[in-house]
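The values are calculated or read from the model by the stated rules, or taken from the named source; none is laboratory data. All values reported here derive from a predicted model rather than from experimental measurement. Please note: Cβ atoms are built from the backbone with ideal geometry, for glycine as well, and neighbour counts cover all protein chains shown.
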Amino acid sequence: MNFRRILLAVPLASLLATVGVPARSAAVVLAPTTVDVYTLEFEPTQNALAGSYGVMTIKPLPGGTLVAFKLRGGYPNTVYTIWTVYSRLVVPLPTDGTKVPSADPPADFPPEGNGVAPLARLDKPFTDGMGLDQGMTFVTDDAGDGSASINLDYDLLGGPDGGPPVGNKNFAVQCVSPVDPLLSDPPCTPIKVATTWLRKFIGDYSPAERASVCANYEALAVRPGIDPRYWQCVDPANRLPRVHRYRFDHFRLAPHPDDLTHGLFGGNGTDHFIDMVGRRCQITPPIDDPCPDALPLPVAPPLPTQPLATQPLATP
């Protein structure tokens, strides 16, 4: 398809030049040259091609973050996207199937928030799959090599106060039932369709701070029955709606064999899979505690403790 050959709007070489790497090295070098640049090597999952690897660099800037990613040996001529994940990655990674599991988000995560969001800017629109979406989206070449870079308008390494934005988990679900079903096909396969970032409202802030954090705050109702506490809060700094933020757990690299992106939702294992993951706890230099040895799967219900001799016998 034509957009397999799309050139990236922001070349990787420009990011490498910013952090002090000559442009001629862009094809072979992606490593921090100053102490304020972080490196994250991605781990291949069971879905990755043998020998493939990916590396991300993260450079904090005033009011934002410069991020670059390089993939080598991925799937050829394929659309790829990178996703910010707040749910905890379940490790060790599986060795079969296609699913890369994650646990539920932490208890203090916004209840209306989605545990996965695209690595993208706040001030750029999404096409929702009608073309390639903004963010860390790129297309590999015949050798499966590709790269992307983005200047984010937030602190990627931050938390609730200015960190990565949280997406809305409310989405439309379309029921897909092929006209040529296989015996193994379910009656309906649900596919998610995207909406928007999870907004904050004026009423989320105390009365004392509303005037300073919400540019559209008004102390009195503009007309009877209209309560400004229920307005979406506009950030005075950028005139954009304020959104919920949260500290990310890991990134996911997803190939899209159908050549399309998803907007704000990562789809599911029916239409694409996860190639690699990059864990926060493996960023170099470290910004967090060491990685845990393993995140156990949910515990199965305990077996009955009643002695076998006292249990009632089954009737024929």
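Data table
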read-out	value
Condition check for residue 109: more than 20 Å from residue 257 (Cβ to Cβ), in contact with a helix residue (DSSP H, G or I) (Cβ under 7 Å, 6 or more places away or on another chain) and at pLDDT 90 or above	no
Residue list for the stretch 167-190, restricted to those being of a type in the set (A, V, I, L, M) and either part of a strand (DSSP E or B) or in the same structural domain as residue 113 (by TED's automatic domain parsing) (or both)	172, 173, 176
Residue in the stretch 81-90 that is surrounded by fewer than 18 Cβ atoms within 10 Å (Cβ to Cβ) and more than 18 Å from residue 245 (Cα to Cα) present	yes
Looking only at the stretch 202-247, and only at residues there that are more than 19 Å from residue 166 (Cα to Cα) and of a type in the set (D, E, K, R), the one that is farthest from the chain's Cα centre (by Cα)	223
Residues of the stretch 101-151 that turn out to be in contact with a His (Cβ under 8 Å, 6 or more places away or on another chain), part of a loop (DSSP other than H, G, I, E, B) and under 22 Å from residue 238 (Cβ atoms), as a count	2
Some residue of the stretch 85-97 being of a type in the set (S, T, N, Q), at pLDDT 90 or above and in contact with a helix residue (DSSP H, G or I) (Cβ under 6 Å, 6 or more places away or on another chain)	no
Neighbours by Cβ (under 7 Å, 6+ apart or cross-chain): first from the stretch 200-226, more than 16 Å from residue 243 (Cα to Cα); second among the acidic types (Asp, Glu) and assigned to a loop (DSSP other than H, G, I, E, B)	221/227
Qualifying residues in the stretch 128-152 (those that are of a type outside the set (Ser, Thr, Tyr), over 14 Å from residue 83 (Cα atoms) and at pLDDT 95 or above) - the one surrounded by the fewest Cβ atoms within 10 Å (Cβ to Cβ)	142
Residue in the stretch 111-123 that is without any contact (Cβ under 8 Å) to a residue 24 or more places away in the chain and either among the acidic types (Asp, Glu) or over 14 Å from residue 85 (Cβ atoms) (or both) present	yes
Boolean, residue 226 is loosely packed, with under 12 Cβ neighbours inside 10 Å and over 21 Å from residue 153 (Cα atoms)	yes
Lone unmet requirement of (1) surrounded by fewer than 17 Cβ atoms within 10 Å (Cβ to Cβ); (2) on the phi < 0 side of the Ramachandran plot for residue 239	(2)
Looking only at the stretch 243-282, and only at residues there that are touching a helix residue (DSSP H, G or I) at 6+ places or on another chain (Cβ under 7 Å) and modelled with pLDDT of 90 or more, the one that is farthest from residue 101 (Cα to Cα)	248
Residue among 47, 77 that is surrounded by 14 or more Cβ atoms within 10 Å (Cβ to Cβ) and touching a helix residue (DSSP H, G or I) at 6+ places or on another chain (Cβ under 7 Å)	77
Output for the stretch 242-270, where each listed residue is surrounded by fewer than 20 Cβ atoms within 10 Å (Cβ to Cβ) and in contact with a Phe, Trp or Tyr (Cβ under 7 Å, 6 or more places away or on another chain)	259
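Yes/no matrix, rows are residues, columns are (1) closer than 30 Å to residue 213 by Cα; (2) surrounded by fewer than 10 Cβ atoms within 10 Å (Cβ to Cβ); (3) at pLDDT below 70:
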| position | (1), (2), (3) |
| --- | --- |
| 157 | yes, no, no |
| 161 | yes, yes, no |
| 166 | yes, no, no |
| 176 | no, no, no |
| 183 | no, yes, no |
